[in-house]
Amino acid sequence: MSTPLQAVRGMNDVLPDEAEQRLWLEGVLANWFARYGYRHMRTPLLEHTALFRRAIGEATDIVEKEMYTFTDALNNESLTLRPEATASTVRAAIEHSLLYEGPRRLWYQGPMYRHERPQKGRYREFYQFGAEAIGFAGPQADAELIVMCAALWKELGLEGIRLELNTIGSSEERAAYRADLVKHLQAHASALDADATRRLHTNPLRVLDSKNPRVREVVAGAPALMGYLGEASRAHFEQLQRLLAAAGVSFTVNAKLVRGLDYYNLTVFEWISDRLGAQATVCGGGRYDGLFAQLGGKPAPGVGFAAGVERLMALLAASGRAAPGRQADAYVVHQGEGTLEYAFTLAEDLRAAGYAVVLHAGGGSFKSQMKKADANGAALALIVGEDELKAAAVTVKPLRDARPQQQVARAALAARLRDFLKGS
C-alpha cells in the first residue's frame, strides 16, 4: 500500500470550520471596503519574475531568498508565484490604463507565496487582503487607509493593535542618509551580525529594524533619517499626523521603521499586536510614488497596505471572537416507500424559497436519522413518513426547544416555516 500524500510543507488545507470563518471575514471586508469607495480587483497568481525584481528590489529578502521562481519550459521565461500584490496591482493599472479617467481606490484578497521557514502565523502559502489608492498624492489618502484599518479592528472587536508610523522621505533624501548610515555601520562592523553585514552595501536601511540586541545598540547611535528630510517630506508627515489625531487614531512614531520593500517612500506604517508572538505585524503599508515609473508607466502616486488573513484569524480566536456560523434551517428525515422522492423535491422547493435545508442521505431508522438531524445543528427536523406522504403533509419538529411537533400541509410549509424558525 502506497504512503498517503500530504500537503506541501507550509501550504495548509483550510478545513470547513475555518473556511466558514474566513468566508464570514471576507463578507465583512467586502462591506467595509465598499463603505470607503474601494472596488475589488484580482490579479494572476503567476507573474513575470522581472516584475518583482524591479518593484520589490534585487537586494530584498523576498527577491533574494523567498520567491518561488521557475522557468516555463514552453516559453523559456522566468515566472514567479506572487509574493505580494502591490506590484501586480500597479502592473495591471499600467497595462489597462486604469488611471486614464482619474485616481482609483482598489482592493484585493487572495493567496501569496514566499519560501520561508513555516511557523505560527507565517506560512509559505498565506492569504492577504489589501488596498491600493492609486493616483492620489498628499497625506489624505495615507490617513484614510490608516483610519480604515482602525475602523476594521473596532468592527471586529479586536483590541491591543497599536500603530507605528514613520516617514522615509524621498529617494534623494534617502540616498544622502544612506551614505552616512553606511559610514556609521562600517565604523562598528565588528558588532554587526551576518545578516546586517550582508545588507550593509545592498539594503542598509533594513539594518535599522534588526532584532539582534548587539546590532540594535549600533543602530541606536546611528544618525536619524528625520534629520535628512526636506520641507516637503516633513510637511507631508506632519499633516498626516494631524489628520490621524483629528480622527482619534493614536500612534507612535518609530524612527527605525522602514518596511522591507524598496518601492516605499514617505509614509510607512505597521499595525502590531503583542498577541501573535514573533509574527507581531498584523498589517503594514506605505506610500510608493515612484513605482509606476519604475515599472515603465507614466509617473503616478500611490499608497496602500496589506494585512495577513491567518494572523487576523489568530487574533479573532485569541479574542474569543467566533464568526456567526449559519446552521441549517431544517434537516429532512424520511422513511418508507416513496418518501425519498417526496423528501427530495420538498428539500429543493424549500431551498428555492430561501431556506437552508439538509436532506438526509444513507438510510437508517427515524431514530438514527433524528440523531443526525440534532448533531447537524439544524433548528427544525422535517419528518416525511408514509403517513405524511398520504396526507401530502410534513411533520415539523423543533430541535432546539420543547415546542410540540406539528403536521403542516406541504403546500403551506414554505410560508409557515419562517414562523417555526422564529419560535412562534
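The table below lists the values:
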{"quantity": "Helix-derived mean residue ellipticity, 222 nm - over the chain, DSSP H n ≥ 4, -39500 (n - 2.57), to 500", "calculated": "-11500 deg cm²/dmol"}
{"quantity": "Set of lysines near LYS397 by C-alpha distance (under 20 Å), chain-local residues within fewer than 8 positions excluded", "calculated": "LYS367, LYS371, LYS372, LYS422"}
{"quantity": "Cα gyration tensor category, rounded, prolate or oblate, for region 285-342 with a/c compared to 1.5", "calculated": "oblate"}
{"quantity": "Cα gyration tensor shape for region 24-123, rounded if a/c is under 1.5, else prolate or oblate", "calculated": "oblate"}
{"quantity": "Charge dipole magnitude, Cβ of K and R +1, D and E -1 - the chain, Cα centre, debye nearest 20", "calculated": "600"}
{"quantity": "Exposure proxy ranking, count of Cβ atoms within 10 Å, fewest first, for VAL253, VAL90", "calculated": "VAL253, VAL90"}
{"quantity": "Residues with amide H under 5 Å from that of ILE161, placed H, sequence gap 5 or more", "calculated": "none"}
{"quantity": "Candidates ALA307, ALA393, ALA189: whichever shows maximal mean-square fluctuation once the chain is modelled as a Gaussian network with Cα springs under 10 Å", "calculated": "ALA393"}
{"quantity": "R0 of 41 Å, Cβ-Cβ distance GLU64-MET1: FRET efficiency to nearest 0.05", "calculated": "0.45"}
{"quantity": "Candidates LEU350, LEU315, LEU152, ranked by Gaussian network fluctuation over the chain, Cα under 10 Å, top entry", "calculated": "LEU350"}
{"quantity": "Cβ-based exposure ranking for ILE383, ILE62, in which fewest neighbours within 10 Å come first", "calculated": "ILE62, ILE383"}
{"quantity": "Added length on full extension, which subtracts the Cα-Cα distance from 0.36 nm per residue, GLU217 to ALA414", "calculated": "63.8 nm"}
{"quantity": "Where labels lie 7 Å past Cα in the beta-carbon direction, separation of ALA322 and ALA34 in nm", "calculated": "2.7"}
{"quantity": "Among LEU15, LEU257, LEU200, residue whose mean-square fluctuation peaks in a GNM of the chain (springs only between Cα atoms under 10 Å)", "calculated": "LEU15"}
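Every read-out reported here was derived from the displayed coordinates using simple, explicitly stated rules and does not represent laboratory data. These numbers were taken from a predicted model, which means no experiment stands behind them. Neighbour counts run over all protein chains shown; Cβ positions are idealised from the backbone, glycine included.
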